[in-house]
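Written out below as structure tokens is the structure these notes cover.
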Amino acid sequence: MWFNMCVEKIVNGKVINMKKVLALVLVLVMLVSTSVIAFANSPGVGGGNGSDEISWDDIVNAGYSKGDYNRDGKISAYDARLAIQAAAEVITPKSADIKLCDFNGDGKITAYDAREILKIAAEQ
């Protein structure tokens, strides 16, 4: 009975069906979550298992620069953001990401590496 009372609500003199509002909210949540999952699985953005071995020569020959995490051809604050997410283990860097963004040579992406990427981005 309580649910039936909440199904319709009057806003500014118009009756709004709350079932439709709830359905719209659920659709939006599903779209956003699907987009986040697709983004996380895209190349250069983590989501991999780190087993994609690649040499530094392959990276250089492909034209990527040190610090270009997403491999878009430019080093930006977005690359630093991805690096800090990798350092915080929000995303899983692939081996190519580590080779591109490990500035201190410890074999992982850390906050130090993200800072170095941000310094490079600021200089451009």
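Numerical summary
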read-out	value
Residue within segment 72-93 that is in contact (Cβ under 8 Å) with a residue 24 or more places away in the chain, among the basic types (Lys, Arg) and buried (at least 18 other Cβ atoms within 10 Å of the Cβ) present	no
Criterion (modelled with pLDDT of 90 or more, touching an Asp or Glu at 6+ places or on another chain (Cβ under 7 Å) and part of a loop (DSSP other than H, G, I, E, B)) met by exactly one of ILE109, ILE117, ILE91	ILE109
Residue match in segment 95-103 (condition: more than 19 Å from GLY63 (Cα to Cα) and in a loop (DSSP other than H, G, I, E, B))	no
Selected residue (criterion: surrounded by the most Cβ atoms within 10 Å (Cβ to Cβ)) from residues of segment 103-124 that are closer than 14 Å to ARG81 by Cβ and of a type in the set (Gly, Ala, Ser)	ALA114
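The values are calculated or read from the model by the stated rules, or taken from the named source; none is laboratory data. The model shown is predicted, which means the values in this text are computed figures rather than measured ones. Cβ: placed from backbone, ideal geometry, glycine included. Neighbour counts: every protein chain shown.
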